[in-house]
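The values are calculated or read from the model by the stated rules, or taken from the named source; none is laboratory data. No experiment lies behind these values; they were computed from the predicted model shown. Using ideal geometry, Cβ is built from the backbone for each residue, glycine included, and neighbour counts are taken over all protein chains shown. Remember, those area values only see protein heavy atoms, side chains included, never the ligands or the DNA or RNA. Shrake-Rupley method; radii C 1.70, N 1.55, O 1.52, S 1.80 Å.
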Amino acid sequence: MEILDQIDAFVWGPAMIVLLLGSHLFLTFRTRFIQRKLPEAIKLSFKKNDGEGDISPFGALATALAATIGTGSIVGVATAILAGGPGAIFWMWLTGVFGIATKYSEVFVAIKYRVKDHNGNMLGGAMYAWQRGFMKNGKTPWYARLGAVAFALFAAIAAIGTGSAVQASAMTGILTSSGIELESWIIGLVIVILVAVVIFGGVRIISDVCERLVPVMAIGYTLGCLIILILNWAYLWDAIVLIFECAFTAKAAFGGAVGSGIMVALQFGCARGLFSNESGLGSAPIIAAAAKTKNPAEQALIAMTGTFWSTVVICALTGIVLVSTMLAYPSIQEQILVDPSIFSGAQLASLAFSQIPFIGTPLLVLGMVAFSYSTILGWSYYGSRCITYLFGKHAIRPYQVVYVAAAFLGTLGIGDMVWTISDIGNALMAIPNIIMVLLLSGLIARETKYYVYDGNIDVEDEVPIPTVESK
């Protein structure tokens, strides 16, 4: 664990924070503050589209949200507070606000350079953008091939941790710490069955399940959080003030029970922010490329709303709920000080929510189970598409078996190690993705002006989508 922690600290050090936040800011200005188009983008999310693609625009968004609104939205927020203090919540939120432009940009190029297989199924993501976006005279240069392979390899590995083992581990932690007496292997077996029956059915089954599950779970969880905030009304302003104070000062929070320091808050806020909204990670563009859309900008606008919902809304709500509850119930702070070694994000979230009469624990348990399950489904698609790019369609089934097995292992108590490996994997897949998006930012800016700002959002992109050879 010590070696893994050192690697994690290195990849999420100042260089990564500068690359991530710098890219968010750069792409915000490059796209002329695309965030101001959020109202239009939300409307587009519910509009029927007859463009080329495999699934509906909302189905693609729901699947991406399913993969995004997971443990990062609850346990990840709690982990950020424990490690970086309440100030980490501010940096998570800010990462989400500016990350909207990055999500738009990465999805834009994924659709711009998507391809079809011989069955007509859409394939896309950073690997295909690298492969096609830098072609010269019909050939892909070596550095672009390297970028494509690096992204696909790191993403396939990260999916097993981020999408499978971490989610199952967090789900088990929430269930057991909430007083539900079930053996971990029984929980693991149930997860394996529920996941396998969906992911072996392909993208359309995954999309259908997520399209129905995501709106219900997100709305239900949001309403529950609002009820808790009403109950914590007397501490709400103090919680918000504490979050801002800890973001910009070395103020010790909760009597020194949790981490403090500006750089620590910034580091964990950015890391967990990326884990939460996945802007710059390159994951959401993989499913967005399968959406029915007339042009790249249309689905890119829809996709960027995912960052808004997952981080700007859900994570912010969770953070304020946790901080206000810790202020309202000082016993939580005392328990952390007595034995900080026993505390994980799952335990803190469980303890904080349990203080709320009647609805606290059921809300947390149902929210975590639904969020984690949907995340496992969404990331299974990402991993399968990346493994297909690397080794061909025949590698999908063996990969899915490993993916499901990782979920089972995640229930058996490898929590901290899995979170750390996932953090490392996320950073390594984000690097080639962000570099690719920055290199293509000129094209993104030009075509965004045409489609979005010149009023051509309904114009169909008539460039034919090429068919690739199946391995």
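Which value, in Å² rounded to 10, gives the accessible area of Trp185 with a 1.4 Å probe and all protein chains present?
140 Å²
Going by alpha carbons, how many degrees (0 to 90, nearest 10) lie between the helix axis of 415-439 and the longest principal axis of the chain?
40 degrees
Which length gain, in nm to one decimal place, applies between Leu409 and Ala445 when the Cα-Cα distance is subtracted from 0.36 nm times their residue separation? Each step should come with its number before you reach the end.
Details: separation 36, 0.36 × 36 = 12.96 nm, distance 4.42 nm.
Separation in residues times 0.36 nm, less the Cα-Cα distance, equals 8.5 nm.
How big is the accessible area of His394 in square angstrom, nearest 10, if you roll a 1.4 angstrom probe over the protein chains?
140 Å²
Among (i) 0.96; (ii) 1.03; (iii) 1.06, which one is Rg/Rh (Cα atoms, Kirkwood Rh) computed from these coordinates?
This structure yields the entry labelled (i).
Mind checking the angle between helix 233-248 and the chain's longest principal axis? C-alpha axes, 0 to 90 degrees, to the nearest 10.
60 degrees
Put +1 on the Cβ of each Lys and Arg and -1 on the Cβ of each Asp and Glu in the range 1-114; which of Gly51, Ala66, Leu4 then has its Cα farthest toward the positive end of the dipole?
Gly51
How large is the dipole of the chain about the Cα centre if only Lys and Arg carry +1 and Asp and Glu carry -1, each at its Cβ, rounded to the nearest 20 debye?
1360 debye
Let me check something: with ligands and nucleic acids excluded, how do Glu460, Glu278, Glu181, Glu447 order by accessible area (1.4 Å probe), largest to smallest?
Glu181, Glu460, Glu447, Glu278
Where the centre of each part is set by its Cα atoms, how far does the range 10-43 sit from the range 350-383, in angstrom?
About 28 Å separates the Cα centre of the range 10-43 from the one of the range 350-383.
For the range 12-168, report the % of Cα-Cα distances exceeding 22 Å.
The answer is 56 percent, as a whole percent.
May I ask you to rank Lys43, Lys116 by accessible area, largest first, using a 1.4 Å probe over the protein chains only? Each step should come with its number before you reach the end.
Numbers: Lys43 155, Lys116 45 Å².
Reading off the accessible areas and sorting them downward yields Lys43, Lys116.
Given the whole protein assembly as supplied and a 1.4 Å probe, what does the accessible area of Lys393 come to in Å², nearest 10?
110 Å²
Compute the angle between helix 396-410 and the longest alpha-carbon principal axis of the chain, please, reported from 0 to 90 degrees and rounded to the nearest 10.
Orientation of helix 396-410: about 10 degrees from the principal axis.
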